Amino acid sequence: MVAIIAYLRLIRLPILLLIAAIQLMVRYFIIEPMLIINNYSLMMSDLDMFLLIISTVLIAAGGYAINDYFDVKIDRINKPKTVIIDRLIKRRVAMLSHVVLTTLGVLVAGYLTWHLGMWKVVSLFVFVSAALWYYSTNLKNQPFFGNFVIAVLAGFVALIVGILEISLQNNAHPEIIEELGYSIFNIPAYWTIGLASALFLLTLVREVTKDVIDIRGDRTVGANTIPIALGVKNTKSILITIYVVFGTLYSWVYFEYLNVHIGMTTVFFAINLLLVLQIILIVRARTKKHFLHSANLNNLVTLMVLGCTFLLKISIETHFL
């Protein structure tokens, strides 16, 4: 039992479940309602969606396994009580897990994209797998680039659902595009891109925050993360800037498109309140514990943003159906 729990910690089971939930939210809370109001239905079957989730989750799990494999020295310094590799799981098991999980994930993606008649899209899954490996071996210890790659991959989780579904819709209804001169399926595509962008920004700022938290171990192994390269004070300015950018963009989207009912308004003010608290927390942060609180607050904001997708679905059904 201990070994099973340790393995589930290695592959980050809660995050894998969140990845699956995000992809389901994009499918059922964003894309499907916008198709229904225009009298269209989803092109990807439930089985297709299941395979997409399995592929994404397998590749992500493989990425977490290889990340811990290369992070043993840093983790022994930053979080000695929670180190998994060499204490609960052997290094070769972690490496084998990465190879098996990633390979299975790419194979499932290959079958899915071939089945959908979009086999070239499998290259995106191959790229993600390679990026996770390169991040763990090289980019993780470089300022900004490692954070940027992880943020892009977080956005990819949502974006890939739209890439497949919207492409299928466009291919199946070329006459609509020819008649109107544009694709009506661009609307759910834009909203999917919006969610992916939100995940990108929130993940980027969280990754930089984690670098501040792990600065002691990173410095010991010779890493050159943002807080090491620029100092904690300048890093705090970067964190605040990203949060301000996110809050500004989110507020614009709300006032332009989401100011439709009390539920969305409540969440809007709650998120902005948390962003203000986040900025105050970062300004006053002096210890590792303070930045841990900031990272946890970031997780709460992320979950609330994801919750907005359900409210978006409710808004569409209320006003258009």
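Work out how much length ALA21 to VAL244 would gain on full extension: take 0.36 nm times their residue separation and subtract the Cα-Cα distance, in nm to one decimal. Before the final figure, lay out each step's value.
Working: separation 223, 0.36 × 223 = 80.28 nm, distance 2.68 nm.
Full extension of this stretch gives 77.6 nm more.
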Label model pair VAL99, SER123: point-to-point distance (7 angstrom along the Cα→beta-carbon line) in nm is 2.7 nm
Under the 7 Å Cα-to-Cβ spin-label approximation, TYR28 and LYS90 lie apart by a distance in nanometres of 4.2 nm
Counting only DSSP loop positions in the range 12-113, the trypsin sites (Lys or Arg not before Pro) whose Cβ has at most 14 other Cβ atoms within 10 Å are ARG87, LYS90
The rounded separation in angstrom of the Cα centers of the range 13-83 and the range 267-302 is 24 Å
Which of [x] 50; [y] 32; [z] 36 gives percent of Cα pairs over 31 Å apart as computed here? It is [z]
Here the residues of the range 44-81 lying in the modelled label zone of HIS115, meaning backbone nitrogen under 18 Å from a point 7 Å along Cα-to-Cβ, are 44-59
Applying the span-like rule to the chain (DSSP H, Cα extent along axis at least 15 Å, Kyte-Doolittle mean at least -0.5) gives 13-25, 46-70, 91-115, 122-137, 145-172, 186-213, 232-253, 262-284, 288-320
Among VAL72, VAL128, VAL212, the residue with the largest mean-square fluctuation in a Gaussian network model of the chain built from Cα contacts under 10 Å is VAL72
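Please compute the contact order of the chain in relative form: average sequence separation of alpha-carbon pairs under 8 Å and at least six residues apart, divided by the residue count, as a percent.
Working: 339 pairs, mean separation 67.0, N = 321.
Relative contact order comes out at 21 percent.
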Rounded to 0.05, the calculated FRET efficiency for the beta carbons of THR265 and VAL221 at R₀ = 35 Å is 0.15
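List the chymotrypsin sites (Phe, Trp or Tyr not before Pro) within the range 127-185 that DSSP assigns to loop and that have no more than 16 neighbouring Cβ atoms inside 10 Å. Don't skip to the answer; put the middle values down first.
Details: sites: PHE127, TRP133, TYR134, TYR135, PHE144, PHE145, PHE148, PHE156, TYR182, PHE185; in loops: PHE144, TYR182, PHE185.
Here the sparse-neighbourhood loop sites are TYR182.
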In this structure, the FRET efficiency calculated for ILE77 and ARG284 from their beta-carbon separation, with R0 = 30 Å, to the nearest 0.05, is 0.70
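For a Förster distance of 25 Å, can you work out the FRET efficiency between the beta-carbons of THR318 and ASN272, rounded to the nearest 0.05?
Using R0 = 25 Å, I get an efficiency of 0.60.
Quick note: the coordinates plus some simple rules give every number you see, no bench work behind them. Quick caveat, the model's predicted, so the values are computed rather than measured. So basically every Cβ, Gly included, is an ideal-geometry build from the backbone, and we count neighbours across all protein chains shown.
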